[in-house]
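Heads up: the structure comes next, in structure tokens.
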Amino acid sequence: MTEKPRTGHLANAWINIDKGADPGFFVRFLDASRVRALAFARSNPDAAFAHLALKSGMTILDCGCGTGDMLALMARLTAPGKASGGDLSAAMIQEAKTRSSSSGVTNVDFNVMDVQKIPFPDQSFDRVLATQLLIHVPDPHKAFREMCRVTAPMGRVALSDMDWDGLLVGCSNLEIGRRFTRLFSDGIRNPVVVREFAGWFKAEGFVNIRTIPVPLVFDDWAFFREWMIAPSLPHFIAQGAMSREEAEFFVADLESRNAAGKFLAACTLYTVVADRP
């Protein structure tokens with residue numbers, strides 16, 4: 001059976017960053033999408049990383065570390081313990097190294113890494129995390145088991161991902177609004193993989209499994225338009241999932257709602273945390 005073509009723009013994009021025409025797009029996307037999270041982590045790192053219970057001397061592995069900004073903040077809390085960041089993209093790793101070199105943090109390193117085959121020995125890290133990564137990985141369960149493999153006894157794993165089927169966008173035409181959110185979700189490789197994490201942890205023998213939901217409200221219309229609508233609609237139109245007239249109506253309607261103070265888009269990020277006995 002032939003796999004149904006994906007209609008979104010994200011199915012393979014994040015695993016092919018270095019092959020694309022503009023790897024910098026993804027750096028800019030991360031910067032734009034994490035402004036608030038980074039501001040909070042910088043102002044109150046103990047609260048931002050409370051679920052990890054970080055302590056001096058711990059070793060950390062951040063899988064899919066991106067630009068490395070979050071890991072640099074965590075590394076300050078665990079110094080002199082080593083903090084390692086890995087990402088499939090060489091462009092991301094170079095950006096992380098550049099930023100790290102000017103941050104003053106000395107206990108962090110970054111390397112190109114495939115989370116499906118982590119290049120570290122068993123039980124190497126006290127804390128292992130992945131944030132909005134497994135939705136993009138070709139074999140997320142294999143990646144999960146690799147993260148468990150490199151976690152030390154009494155260590156902790158934290159996995160954070162959106163449940164993209166929960167994306168909502170307020171649109172005056174309910175059917176078009178629902179179609180956009182479903183097409184956007186369907187365009188992501190593993191849009192609801194977060195629903196599997198707790199079960200996977202249980203099967204691996206982890207304990208103290210808990211799920212932490214964080215609602216994310218996209219109340220910045222300019223961000224939503226530039227980073228979520230603009231890259232998506234051309235794909236939906238090209239594949240016949242939405243007509244040009246429907247797409248134009250969708251954008252115009254959201255513009256109008258924003259001008260009237262009625263724009264709303266939201267989703268939920270779930271972090272699933274578990275401990276290795």
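The values are calculated or read from the model by the stated rules, or taken from the named source; none is laboratory data. Bear in mind the structure is a predicted one, so any value in this text is a computation, not a measurement. Cβ atoms come from the backbone with ideal geometry, glycine included; neighbour counts cover every protein chain shown.
Observations on the model:
- Subset tally (residues that are modelled with pLDDT under 95 and either buried (at least 17 other Cβ atoms within 10 Å of the Cβ) or assigned to a strand (DSSP E or B) (or both)) for segment 100-110: 2
- Residue in segment 224-238 that is modelled with the lowest pLDDT, counting only those that are crowded, with 18+ Cβ neighbours inside 10 Å and more than 22 Å from D31 (Cβ to Cβ): H235
- Answer from D69, D109, D87 - the residue that is in contact (Cβ under 8 Å) with a residue 24 or more places away in the chain, in contact with a Cys (Cβ under 7 Å, 6 or more places away or on another chain) and acidic (D, E): D87
- Here M113 qualifies as within 20 Å of N16 (Cβ to Cβ), surrounded by 16 or more Cβ atoms within 10 Å (Cβ to Cβ) and modelled with pLDDT of 95 or more.
- Of all residues in segment 219-241, those that are closer than 17 Å to D22 by Cα, touching a residue at least 12 places away in the same chain (Cβ under 8 Å) and aliphatic (A, V, I, L, M) total 1.
- Single residue of G57, G81, G8, G86 found to be part of a strand (DSSP E or B) and either at pLDDT below 90 or not hydroxyl-bearing (S, T, Y) (or both): G86
- Only one of the listed residues (F184, F197, F206, F201) is more than 30 Å from A152 (Cβ to Cβ), in contact (Cβ under 8 Å) with a residue 12 or more places away in the chain and surrounded by 15 or more Cβ atoms within 10 Å (Cβ to Cβ). That residue is F184.
- Sole residue being more than 24 Å from G261 (Cβ to Cβ) and surrounded by 15 or more Cβ atoms within 10 Å (Cβ to Cβ), chosen from D163, D220: D163
- Taken together, the criteria exclude T211 from residues that are without any contact (Cβ under 8 Å) to a residue 40 or more places away in the chain, β-branched (V, I, T) and within 24 Å of R36 (Cβ to Cβ).
- Segment 138-150: number of residues that are surrounded by fewer than 18 Cβ atoms within 10 Å (Cβ to Cβ) and closer than 24 Å to F26 by Cβ: 3
- Residues of segment 33-54 satisfying the condition of being outside any helix (DSSP H, G or I), modelled with pLDDT of 95 or more and not aliphatic (A, V, I, L, M): N44, F49
- Sole residue being part of a strand (DSSP E or B), among the charged types (D, E, K, R) and over 18 Å from the mean Cα position of the chain (by Cα), chosen from R127, R156: R156
- Residue pairs whose Cβ atoms lie under 7 Å apart, sitting 6 or more positions apart in sequence or on different chains, and linking a residue in segment 32-58 that is within 17 Å of V105 (Cα to Cα) and touching a residue at least 40 places away in the same chain (Cβ under 8 Å) to a partner that is part of a helix (DSSP H, G or I) and among the aliphatic types (A, V, I, L, M), are L54/M74; L54/L77.
- For segment 120-137, the condition of being among the polar types (S, T, N, Q), surrounded by 21 or more Cβ atoms within 10 Å (Cβ to Cβ), more than 24 Å from D219 (Cβ to Cβ) and touching a residue at least 60 places away in the same chain (Cβ under 8 Å) holds for none of the residues.
- Complete set of residues in segment 172-183 that are within 23 Å of the chain's Cα centre (by Cα) and either closer than 13 Å to A265 by Cα or not in a helix (DSSP H, G or I) (or both): R178, F180, T181
- Cβ-Cβ under 9 Å pairs, at least 6 apart or on other chains, segment 254-277 side in contact (Cβ under 8 Å) with a residue 60 or more places away in the chain and of a type in the set (K, R), far side assigned to a strand (DSSP E or B) and surrounded by fewer than 17 Cβ atoms within 10 Å (Cβ to Cβ): R276/A152; R276/P153; R276/M154; R276/V207
- Of all residues making up segment 239-263, the number that are surrounded by fewer than 17 Cβ atoms within 10 Å (Cβ to Cβ) and either part of a loop (DSSP other than H, G, I, E, B) or of a type in the set (S, T, N, Q) (or both): 7
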